[in-house]
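First up is the structure itself, then whatever we jot down about it.
The values are calculated or read from the model by the stated rules, or taken from the named source; none is laboratory data. What you see is a predicted model; the values in this text were computed from it and never measured. Glycine also receives a Cβ, built like all others from the backbone with ideal geometry; neighbour counts cover every protein chain displayed. With ligands, DNA and RNA removed, areas are computed over all heavy atoms of the protein, side chains included. Shrake-Rupley method; radii C 1.70, N 1.55, O 1.52, S 1.80 Å.
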Amino acid sequence: MAKPPSHPKPSRIARGAESAAQGTLPLLFDDPAPETSLNPSADSPSTHVVSPYALFHAATHAVREDNENEPVTPTSLACGYCQRGWEEVEDPGQAFTYRYSPPTAVEYLCSTCYTPRISAPNALGIESYRGKSRIPTPGKLGMLAGSGGIVTHEGTLHLALPKAFVTKYGPGIYGQRGQIHEIGPGVRPLDILLELIYGDQIEVERGFLYIDLWGRKPDALMQGLSLTHSLSELWCNSEKGPFPRDLLAHAATARELCRQGIADQGLKPSFWTPIRQAAQGAPLESLSDDMAAWLRKVPEPQALLAALPINPHDRLELPAMMRSLIPRISADPAFLEEAP
């Protein structure tokens, strides 16, 4: 953490509130791109591996620049969230304290796991103003309900936010850098991920972070932070913990729908009802009539069934995934196609 200046200076929250009122925020760094470089040097082996925590740490430097709390020497053996020893974390030997309520024991968190709890008026912006005196409440990564994000292999954070958050946080550092993207209500950040992949801004095999939902439980998010190295196992990090999605199988399903000329059907949630009911464990005999009707809608049912994701949890997400994938694959049939 940077040492506090010796001369009097308004707090970061006060400066953030003032800048937000003006609709702009000055960059707080001499270097316009202060994030830690994760690119291996020419002398590095080709098997260069970055941990999910190192990648997250590199992408959130601007948030920690807003941190007004001083690090302490931990008395626990490991970080309370990621459970890494203090010699393994990104800022060895440094911890920040957090407690949920006065009766709760103090938790010692590494700087990376503490990041979502930092009030970030300059990196993000002002979330709201409280009371008649309009006391500013800064935004936090760990309080972004209905929002997600992606951290590229180079350690660049892209925030996927509903319109209300985009309006509030657009003037912040991440907004100035073009790293804030609007998503619709109830929409996960998949569309933003697809844009980044299509634009060659993500090298999947080098690993990236997909945050399906920031939510309001940073402990659960950070405890299981997982990297994605293959789109057949897209790790969706969230406040409920990480879970995998087979993005390539979903893309193959969208491609098959387009090939058979029934993409418009695949965009309708009702089209997937019998498939989703079966994935939920409904007895097959109770679905016989619905499945028979479904099979009549599909010109080549065996080909479509073969393309479906195997995991029942993936099948439950078919309507939402098709909304994102069908328009893109209809325009570019080779997008996300597995090599033979």
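Just to be sure, is residue 324 within 15 Å of residue 261 (Cα to Cα), in contact with a helix residue (DSSP H, G or I) (Cβ under 8 Å, 6 or more places away or on another chain) and among the small types (Gly, Ala, Ser)? Let's see the steps before the verdict.
Working: within 15 Å of residue 261 (Cα to Cα): no; in contact with a helix residue (DSSP H, G or I) (Cβ under 8 Å, 6 or more places away or on another chain): yes; among the small types (Gly, Ala, Ser): yes.
No; evaluated as a whole, the condition is false for this residue.
Name the pairs: first residue in the range 201-212 and touching a residue at least 12 places away in the same chain (Cβ under 8 Å), second residue basic (Lys, Arg) and outside any strand (DSSP E or B), Cβ to Cβ under 8 Å, at least 6 apart or on different chains?
From residues that are touching a residue at least 12 places away in the same chain (Cβ under 8 Å), the pairs are 212/188.
Considering each residue of the range 163-189, count those that are touching a residue at least 24 places away in the same chain (Cβ under 8 Å), in a helix (DSSP H, G or I) and open to solvent by less than 60 Å² (accessible area, probe 1.4 Å), and give that number.
Adding up the residues that qualify gives 5.
Give me the residue from the range 139-162 that is modelled with pLDDT under 95 and open to solvent by 10 Å² or more (accessible area, probe 1.4 Å) and, out of that set, nearest to residue 124 (Cα to Cα).
143
Can you name every residue in the range 193-244 that is over 23 Å from residue 113 (Cβ atoms), touching a strand residue (DSSP E or B) at 6+ places or on another chain (Cβ under 9 Å) and open to solvent by less than 10 Å² (accessible area, probe 1.4 Å)?
If the condition is that a residue be over 23 Å from residue 113 (Cβ atoms), touching a strand residue (DSSP E or B) at 6+ places or on another chain (Cβ under 9 Å) and open to solvent by less than 10 Å² (accessible area, probe 1.4 Å), then 193, 196 are the ones that fit.
Give all pairs with beta carbons closer than 7 Å in which a residue from the range 263-284 that is open to solvent by 30 Å² or more (accessible area, probe 1.4 Å) meets a residue that is assigned to a helix (DSSP H, G or I) and of a type in the set (Phe, Trp, Tyr); count only pairs at least 6 apart in sequence or on separate chains.
Final answer for the pair search is 265/271.
Output the residues belonging to the range 85-112 that are in a loop (DSSP other than H, G, I, E, B), of a type outside the set (Gly, Ala, Ser) and open to solvent by 30 Å² or more (accessible area, probe 1.4 Å). Steps first, answer last, please.
Just the residues of the range 85-112 that are in a loop (DSSP other than H, G, I, E, B), to begin with: 86-94, 99-106, 110.
From what is left, the residues that are of a type outside the set (Gly, Ala, Ser) are 86-92, 94, 99-100, 102-104, 106, 110.
Across the range 85-112, the qualifying residues are 87, 88, 90, 91, 92, 94, 99, 100, 102, 103, 104, 106.
Output the number of residues of the range 307-332 satisfying the condition of being open to solvent by 80 Å² or more (accessible area, probe 1.4 Å) and touching an Asp or Glu at 6+ places or on another chain (Cβ under 8 Å).
We begin by selecting, within the range 307-332, every residue open to solvent by 80 Å² or more (accessible area, probe 1.4 Å); these are 310, 313, 323, 331.
Now restrict to residues that are touching an Asp or Glu at 6+ places or on another chain (Cβ under 8 Å): 310.
Total satisfying the criteria: 1.
From 129, 114, 100, grab the single residue that is among the aromatic types (Phe, Trp, Tyr) and at pLDDT 95 or above. Talk me through it step by step, then tell me what you get.
Details: 129 fails: at pLDDT 95 or above; 100 fails: at pLDDT 95 or above.
Of 129, 114, 100, the one residue that is among the aromatic types (Phe, Trp, Tyr) and at pLDDT 95 or above is 114.
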